[in-house]
């Protein structure tokens, strides 16, 4: 069922909205840190945030008509967050968020990954094709407008048609007379709808990056854990046309003049200080029922972890043996490893919290509440049992889908090339008819240059063999090769056009209609096609049906939560839209006998370096600078803070988000969660969930003292 097939009446939404207003006045002290709040309703939280020490007003944080902090928050590349920190469009985000751009500009001759890069002036700043930076112009609740007129019929398809027309009109009005983009997005599984009006910049240039020994210090060893000592930041700049509006890349573009940028919190900090994270969190799933959590813990996550573990065993060994491979695979390895380690911590955290039993207890309370009222019983009494039954009946389909994603879209890279050339085969007649065949061939050749620049057949071969064997073992697809995994691997990597640049370019250069027959017989391509056809024709449709039915039930389930438990805290799941979360600078005690302090210093860098672990290597000279403690004004009580933790509810997509102090100044860049916090996408525990932040003073020290880029620090506004 689509998001437009809504079963509840408009009157119900007024009840839900009333409940929401009541909720935001609920005493927050015990669970203040949980929740990802929509900025346009932040007024309702103003007094609670001020009670925690905030000195701002709600309008300072979000104002659709005037300059506010909102205007300094940027959706970076559609996947991370960044923040404007100067009047010349200077942008800070995480090192790992800009990693693919850093990697793309790196080579053996210019190894920016290992040694870093800093543009001495604006002419040296590096363009990045396809990279975008998006500012949120305004966020409007359009629920009533989306549902206008749906009560005139009980026909689901007609209701969907009415809603679709309403949304089209909302978007048309939002974009009239301006250069903005707009979308209407469902929240709470279609119980609410918001209009998001956005301004997207398309000329974003790399200004600077620290070396991996700072930006990735700790590597996979430290990822998702505390204590951290990682300088996880990179620097970009937004460029605009001469009218200060978005424009495609041009040497004539000028630095963007922002509506608002964040001053730098340069003074001292202490445990208990107010912290606010403002960014674009990706996905949370707080409403999953007990059976789905059980399935994730016991089956889905362990299988995906194993697939990634096999890939990493090949990639890590190859990267350690060759600088060329290290440069080629740095970004790929980081992407694969990040989720791999997160999932391990996630499973452990959910088990530690007894998440399945916690969910069951809530489900019992929900059912009891529903049964206490006849109207509620009819609407909500059976929804939990229906959800649990749906999981039981469809977990196999969902599992095959997850494994297909790991194999076909995260696994061997030759599949990426197969997907690209499949378009040539599928649309050959149309390309010939429109006389666009040569254009397509030229585009594939150009794409091949970028692909093979970062490809190593030996690495890919190792991944293919291990993952093919595991995928076939786990899923038993209806179409697969009769060869053993090893034999199939050898044949493909010795003969396929997809695993060798010369073979691939020769195929494209000498392409004729009969070449399609050759393509069909190519073992690499034919294997991919069998696997992907099985996935798209059998696995994917079943997964879509399952998710569609589950979303319909979740819509009713969430409505029931808001209606029957108006005194509880409710917030919409993260969906890559702009959100606010607030808390404090504080440590935690996640396990018996274990206490985490609230911040780390450069002392810890030296301690880890002396451990001899490869992930804690330092470039020559950096160790001496730490030992000399030449920290200047960036120090606090003679020590240079590197990272700190806060009790803010964050998730993927919050990477690079500004952590803002009570005055609206930038304290640091959010970049991670602690190992014990990774389960917060499903279940938040305020006593142990902590986000990890690189202190802005360490960022500026690296720019100024270590990298010699003080001209960038001078662009910023430092506030003591």
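Numbers at a glance
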quantity	calculated
Matching entry among 652, 646 (being at pLDDT 95 or above, touching a strand residue (DSSP E or B) at 6+ places or on another chain (Cβ under 8 Å) and more than 24 Å from residue 714 (Cα to Cα))	646
Strands (runs of 3 or more DSSP E) contained entirely in segment 159-231, each with at least 3 residues that are assigned by TED's automatic domain parsing to the domain that holds residue 84 and crowded, with 22+ Cβ neighbours inside 10 Å	203-209
Pairs with Cβ under 6 Å, 6+ apart, first in segment 258-284 and on the phi < 0 side of the Ramachandran plot, second surrounded by fewer than 18 Cβ atoms within 10 Å (Cβ to Cβ) and in a loop (DSSP other than H, G, I, E, B)	259/67; 260/67; 263/717; 266/720; 267/720; 274/53; 280/576; 282/576
Residue 669 being outside any loop (DSSP other than H, G, I, E, B) and surrounded by fewer than 24 Cβ atoms within 10 Å (Cβ to Cβ)	no
Options 486, 446, 458; residue that is under 20 Å from residue 522 (Cα atoms), modelled with pLDDT under 95 and part of a helix (DSSP H, G or I)	486
Residue 144 loosely packed, with under 15 Cβ neighbours inside 10 Å, modelled with pLDDT of 95 or more, over 28 Å from the mean Cα position of the chain (by Cα) and outside the structural domain of residue 601 (by TED's automatic domain parsing)	yes
Residue match in segment 398-411 (condition: in the same structural domain as residue 337 (by TED's automatic domain parsing) and over 18 Å from residue 528 (Cα atoms))	yes
Flag if residue 558 is surrounded by 16 or more Cβ atoms within 10 Å (Cβ to Cβ) and over 30 Å from residue 365 (Cα atoms)	no
Any hit, segment 607-627, residues being surrounded by 19 or more Cβ atoms within 10 Å (Cβ to Cβ) and part of a strand (DSSP E or B)	no
Residue list for segment 235-255, filter: assigned to a strand (DSSP E or B) and either out of contact with any strand residue (DSSP E or B) (no Cβ under 7 Å at 6 or more places or on another chain) or in contact (Cβ under 8 Å) with a residue 24 or more places away in the chain (or both)	235, 236, 237, 238, 239, 240, 255
Number of positions in segment 76-91 that are over 20 Å from residue 253 (Cβ atoms) and touching a strand residue (DSSP E or B) at 6+ places or on another chain (Cβ under 7 Å)	3
Single condition residue 629 does not satisfy, out of (1) touching a strand residue (DSSP E or B) at 6+ places or on another chain (Cβ under 9 Å); (2) at positive phi; (3) in contact (Cβ under 8 Å) with a residue 40 or more places away in the chain	(3)
Hits in segment 579-600 - residues which are crowded, with 22+ Cβ neighbours inside 10 Å and modelled with pLDDT under 95	588
Of all residues making up segment 141-158, the number that are farther than 19 Å from residue 184 by Cα and either touching a strand residue (DSSP E or B) at 6+ places or on another chain (Cβ under 6 Å) or not in a helix (DSSP H, G or I) (or both)	3
Matching strands (runs of 3 or more DSSP E) fully within segment 555-601 where at least 2 residues are not assigned by TED's automatic domain parsing to the domain that holds residue 77	none
Qualifying residue in segment 603-615 (condition: at pLDDT below 95, out of contact with any strand residue (DSSP E or B) (no Cβ under 6 Å at 6 or more places or on another chain) and over 27 Å from residue 334 (Cα atoms))	no
Options 69, 61, 73: the member that is closer than 15 Å to residue 136 by Cβ, at pLDDT 95 or above, crowded, with 22+ Cβ neighbours inside 10 Å and touching a strand residue (DSSP E or B) at 6+ places or on another chain (Cβ under 6 Å)	73
Segment 275-327, subset assigned to a strand (DSSP E or B) and in contact with a helix residue (DSSP H, G or I) (Cβ under 9 Å, 6 or more places away or on another chain), residue surrounded by the most Cβ atoms within 10 Å (Cβ to Cβ)	278
Residue list for segment 496-515, filter: outside any loop (DSSP other than H, G, I, E, B) and either surrounded by 15 or more Cβ atoms within 10 Å (Cβ to Cβ) or within 37 Å of the chain's Cα centre (by Cα) (or both)	497, 498, 499, 501, 502, 503, 504, 505, 507, 508, 515
Residue among 700, 718 that alone is touching a residue at least 24 places away in the same chain (Cβ under 8 Å), touching a helix residue (DSSP H, G or I) at 6+ places or on another chain (Cβ under 6 Å) and assigned by TED's automatic domain parsing to the domain that holds residue 588	700
Failed item, numbered, when residue 662 is tested on (1) farther than 18 Å from residue 61 by Cα; (2) outside any strand (DSSP E or B); (3) more than 15 Å from the chain's Cα centre (by Cα)	(1)
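The values are calculated or read from the model by the stated rules, or taken from the named source; none is laboratory data. Because the structure is a prediction, the values reported are computed rather than measured. Positions of Cβ are generated from backbone atoms using ideal geometry, with glycine treated the same way; all protein chains shown enter the neighbour counts.
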